[in-house]
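FYI, it's all coordinate maths here, none of it is from the lab. Remember, predicted model here, so these are calculated numbers, not experimental data. So basically every Cβ, Gly included, is an ideal-geometry build from the backbone, and we count neighbours across all protein chains shown.
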Amino acid sequence: MSAPSVRPLLPDVEYRRMSFILRTGLAIALLLMVVGVLVYLFFHPHLDLAQALAHNPILRYLGFTGLVAGLAAGNPAAVLTVGLLALVATPILRVVTGFYYFRHGGERTLELVTLTVLLLLLFGLFVLGPVLR
Amino acid sequence: MQLELALPLLMLLAIVAGLVGALTGLGGGVIVIPALVLLFGVPISDAIGVGAVTILASSSAAGAAYVREHLTDLRIGMFLEIATVPGALIGASTTVILTHASLEPVLLIALGVVLLLIVPGTISRRHVELPEGVQPDARSRRLGLRGRYHDNVLDRDVDYAADRTSPALGVMFGAGLVSGMFGIGAGVFKVLALEKYLRLPMKVATATSNFMIGVTAAAGAGILFAAGFIDPLVAAPVALGTALGAFGGSRLLPHLRNQTVRWVFIPFIVLLAVESILRGLGIA
């Protein structure tokens with residue numbers, strides 16, 4: 001299993017980088033979401049579950065300017081939005097690192113594959129999702 | 001139900017779902033989504049959004065450990081995402097479109113049918129620890145879809161290579177579609193493609209499937225999030241609870257008989273699936 005034409009396995013540093021991205025991204029996302037929920041509950045202690053579902057608090061913060069304004073005002077729903085974004089962005093970040101690895105290694109096909117996956121993920125988040133809203 | 005009571009109950013449900021999901025190998029979403037609809041009256045579209053967040057959290061948690069142990073084949077995983085991601089985008093878009101068209105009952109029926117398909121597949125899964133006589137196809141050789149891991153049980157390094165990549169890509173597209181549409185990991189389909197077609201060793205297939213679930217879920221969750229289908233007030237406690245339950249389940253698993261656990265919980269999941277179909281048909 002060591003024919004010279006075979007590409008090498010990914011180096012150890014790549015595994016450690018991926019693991020670090022997954023752990024850190026998850027920790028940041030969960031922390032922001034837990035803090036956001038607790039602060040939101042503090043200000044809306046008697047909110048009903050059905051009401052909460054009917055009026056998703058993050059809808060006002062899905063645009064860039066609204067999100068920045070919400071964060072500047074310290075709105076917990078804006079913090080929740082960033083937490084959710086961090087959760088979605090964590091696997092996307094590791095696709096970015098995969099793309100750079102294959103690019104530097106000169107592996108054109110896998111570079112193209114990871115770039116396509118990355119563009120599709122961004123297309124879903126920034127184009128398809130808002131269009132379907 | 002007021003949030004101060006609902007949120008701890010949701011978290012409790014999620015802990016149980018994460019525990020059972022880990023013990024049965026079905027994943028937490030399979031239990032959480034129908035339970036949110038049937039027990040808490042959460043609309044199916046919101047439950048699917050919560051499911052997507054749940055699998056993102058649990059996949060990142062388990063994925064980090066598998067990657068660190070070098071059980072995940074990053075190269076094969078990233079190659080197959082070219083099929084799962086378009087599938088998930090189409091699946092999540094379908095969910096949004098069906099919801100806007102007030103066709104949630106169709107989603108409920110389809111969810112019930114998918115659950116009924118997943119359960120026997122998981123029970124009857126026959127793992128081949130180390131497949132023999134694998135002849136990698138031309139694409140696999142060109143892309144270097146092969147690797148090596150250290151097997152702690154056998155106490156030796158194991159080399160492997162991927163076989164039939166074309167049918168595996170087809171199954172992965174289907175797995176992505178199901179994952180995006182229902183907010184579940186659809187790991188059973190991914191493991192099927194990795195074990196049956198690519199003919200990877202069981203441990204590598206399981207770890208690589210988990211790694212891929214994260215990116216597939218990100219594709220579906222991205223659309224659901226941007227379309228406003230994810231309510232973080234429900235998603236946050238459920239994601240946290242499922243991650244805790246899955247962690248507990250993975251600790252408990254070595255001390256329990258796997259088959260016994262499955263036979264205890266699988267009738268319960270079948271009941272949720274049937275109830276979901278009946279609710280969709282307007283009978284229940």
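Miscellaneous remarks
- Dipole check for the protein assembly as shown: with +1 at the C-beta of Lys and Arg, -1 at the C-beta of Asp and Glu, and the Cα centre as origin, the magnitude is about 700 Debye.
- Trypsin sites (Lys or Arg not before Pro), loop per DSSP, at most 12 other Cβ atoms within 10 Å - longest free stretch of chain B: B:127-256
- In chain B, helices alone account for a calculated mean residue ellipticity at 222 nm of -24500 deg cm²/dmol, with every DSSP H run of four or more residues adding -39,500 (n - 2.57).
- Each of B:Asp151 and A:Ala50 was given a label point 7 Å from its Cα along the Cα-to-Cβ line. The distance between the two points is 5.7 nm.
- Surrounding net charge for B:Leu107, when Lys and Arg each add one and Asp and Glu each subtract one, Cβ distance under 12 Å: -1
- Charge dipole of segment A:12-132 (Cα centre as origin; +1 on each Lys and Arg Cβ, -1 on each Asp and Glu Cβ, all else neutral): 140 debye, rounded to the nearest 20.
- Over chain B, volume per residue of the alpha carbon convex hull, in Å³: 120 Å³
- Counted charge near B:Val37, where neighbours are those whose Cβ lies closer than 13 Å (Asp, Glu -1; Lys, Arg +1): -2
- Near B:Ala52: Cβ cut-off under 13 Å, other residues only, Lys/Arg at +1 and Asp/Glu at -1. The net charge is -2.
- Positive-end residue of A:Ala50, A:Leu38, A:Gly106, charge dipole of segment A:12-132 with Cβ unit charges: A:Gly106
- Alpha-carbon gyration tensor eigenvalues x 5, square-rooted, for chain A, Å: 39, 17, 11
- Relative packing of A:39-51, B:32-44, which averages over residues the other C-beta atoms within 10 Å, highest first: B:32-44, A:39-51
- Sites B:Ile97 and B:Leu281 - FRET efficiency at Förster radius 25 Å, r taken between beta-carbons, to 0.05: 0.75
- Segment A:Val39-A:Thr24, length gained on full extension (0.36 nm per residue, minus Cα span): 3.1 nm
- To the nearest ten degrees, helix B:3-24 and the longest principal axis of the Cα atoms of chain B are 30 degrees apart.
- The relative contact order of chain B comes to 40 percent, based on Cα pairs under 8 Å that sit 6 or more residues apart.
- Mean Kyte hydropathy of -0.5 or more with a Cα span along the axis of at least 15 Å, helices from DSSP in chain A: A:12-43, A:76-104, A:108-123
- Inter-chain shielding of B:90-102 (mean C-beta neighbours from other protein chains, 10 Å cut-off): 2
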